[in-house]
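**Q** Here it is, the structure, as structure tokens.
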């Protein structure tokens, strides 16, 4: 058998039979079988070392991914807290702004009511002055009409 085809397994070792010679097993066959077994064990050891290194690398990578996941979860929680705090702050700001606006609206309404009262008073005064003016004008016109009637009566006589 060639080295590239021969792969030693535990079953191969159990079933391996050596040719008999006068002194026992054929030393060349035993040496060849032992050499192959040793080579295969060396290969298995190297493969085992490589696999163990790969497992360590994957464990390191897994730990890195777990740390990233933990960091992402912490960032998510922080973002959610920030969103909640921002929303609360915005609601407080909105309430404060609304209270301020209501206060301003109250002041504007008070000023408008004061101005309305002043305008009503001035309007009432203007109406009284107008009524007095009309009454004075009427009285003057009635006197002049009386004078005209008197003049007409004199002309007719």
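**Q** Right, residue 37: within 30 Å of residue 16 (Cβ to Cβ), touching a helix residue (DSSP H, G or I) at 6+ places or on another chain (Cβ under 9 Å), without any contact (Cβ under 8 Å) to a residue 24 or more places away in the chain and surrounded by 10 or more Cβ atoms within 10 Å (Cβ to Cβ) or not?
**A** no
**Q** Mind telling me which of the residues 63, 48 ends up being modelled with pLDDT of 95 or more, surrounded by 10 or more Cβ atoms within 10 Å (Cβ to Cβ) and assigned to a helix (DSSP H, G or I)?
**A** 63
**Q** I've got another one for you. Is it true that some residue in the range 67-76 is over 21 Å from the mean Cα position of the chain (by Cα) and in a helix (DSSP H, G or I)?
**A** Scanning the range 67-76, I find at least one residue that is over 21 Å from the mean Cα position of the chain (by Cα) and in a helix (DSSP H, G or I), so the answer is yes.
The values are calculated or read from the model by the stated rules, or taken from the named source; none is laboratory data. This structure is a prediction, so every number in the text was calculated from the model and none was measured. Because the Cβ atoms are built from the backbone with ideal geometry, glycine has one as well, and the counts that use them run over all protein chains shown.
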